[in-house]
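Okay, so here's the structure we're looking at.
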């Protein structure tokens, strides 16, 4: 397989080290998943650097896990074969070896674990399966929990029973002080979630989340940015609907602007969520709350155009896929927001910065202009609490004008 794929000069380390017997199989798996020969070559180059490192340091396959590969990537971060794929290679090669039964899969549940990586794996599973968070949200929270363990315990085993409120407070202060309120709030929220997880499963005697300080970020303090009708039209017109990319991006932008979906709701939408006969679309929102929304005619036509003439055929259950092999689902909801940002750049619309939520705010503003109530807007946007929708009241200039008091006369 390698001879068929790798037509470039021989890679140093090919056929050496603990991973040598699995090179052909790994290359074949990449080819089956639709990777281009050049990408396979680069991925194998990274594996060769890894196997030579294992040979030099005396590491066996039994020692290969997430922690080991993280150290390897950090040590070789500047290597040309590692730098561009340091966030992909470790996960991919581990997944392959575990599926083949070459190395064992770490337990995801169980009693108190002294291994930080096993604990993080349990935390990730808890967020996905019990809390019902979207994968993108989990990928934002988990690294902060890992950072907390690393800074608190260093290279020592995580003695969770010895954790104290001051450990949590000191970490929070280091990573919250001086940060933008939105960034600080995310760190504080992730830390509270991790502390509650530890307490719930008996890792700590008390709930240390109370030690996380609050972040001064007052609700309703900022106006949500939004586009006007002409800007939305210009945004949609930037999509070249004669290409697969343009068909996909046009369908995404329509879903965001017409239905006000969140980025994650679009990223992880499945084919089975679209009911063509009834003209409805099922949306799986935060905490796995589901809703049935009407499928507008123009959105339905855009989806059909993309699904029939633009979407790669690879058996994936997800609607929106990458157009580059191996045609995977968007890894994070940020990929959907990136579609919006690229369209904004093409349309020459500056000063907005945001992504998918910009079009969600735009829909709310348009509904206000059409005299919908906040309760109706809350239902369309599927807010759990009406207070979340209250921010849009600040955009209703007609009502605000009626509340404004006359400017007092000269009081000098």
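The values are calculated or read from the model by the stated rules, or taken from the named source; none is laboratory data. Source: prediction; values computed, not measured. Here the Cβ is made from the backbone with ideal geometry for all residues, glycine too, and neighbour counts use every protein chain on show.
Laid out as a table, the results:
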item: Residues that are outside any loop (DSSP other than H, G, I, E, B) and within 18 Å of the chain's Cα centre (by Cα), drawn from the range 254-266; result: 256, 263, 264, 265, 266
item: Yes/no for residue 381 being at pLDDT below 75, surrounded by 15 or more Cβ atoms within 10 Å (Cβ to Cβ), in contact with a helix residue (DSSP H, G or I) (Cβ under 7 Å, 6 or more places away or on another chain) and more than 18 Å from residue 250 (Cβ to Cβ); result: no
item: Hits in the range 283-292 (condition: buried (at least 17 other Cβ atoms within 10 Å of the Cβ) and either assigned to a loop (DSSP other than H, G, I, E, B) or in contact with a helix residue (DSSP H, G or I) (Cβ under 6 Å, 6 or more places away or on another chain) (or both)); result: 283, 285
item: Which numbered condition residue 279 misses (of (1) buried (at least 16 other Cβ atoms within 10 Å of the Cβ); (2) at pLDDT 80 or above; (3) at positive phi); result: (1)
item: Lone unmet requirement of (1) modelled with pLDDT of 90 or more; (2) over 29 Å from residue 339 (Cβ atoms); (3) assigned to a loop (DSSP other than H, G, I, E, B) for residue 197; result: (3)
item: Residue match in the range 212-224 (condition: at pLDDT 90 or above, crowded, with 16+ Cβ neighbours inside 10 Å and not in a loop (DSSP other than H, G, I, E, B)); result: no
item: Qualifying residue in the range 163-182 (condition: under 22 Å from the mean Cα position of the chain (by Cα), modelled with pLDDT under 85, surrounded by 13 or more Cβ atoms within 10 Å (Cβ to Cβ) and outside the structural domain of residue 346 (by TED's automatic domain parsing)); result: yes
item: Verdict on residue 251 being surrounded by fewer than 17 Cβ atoms within 10 Å (Cβ to Cβ) and touching a residue at least 40 places away in the same chain (Cβ under 8 Å); result: no
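Conditions (1) at pLDDT 85 or above; (2) surrounded by fewer than 19 Cβ atoms within 10 Å (Cβ to Cβ); (3) assigned to a helix (DSSP H, G or I); (4) out of contact with any strand residue (DSSP E or B) (no Cβ under 8 Å at 6 or more places or on another chain), marked per residue:
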position	(1), (2), (3), (4)
4	no, yes, yes, yes
13	no, no, no, yes
28	yes, yes, yes, yes
44	yes, no, yes, yes
71	no, yes, yes, yes
87	no, yes, no, yes
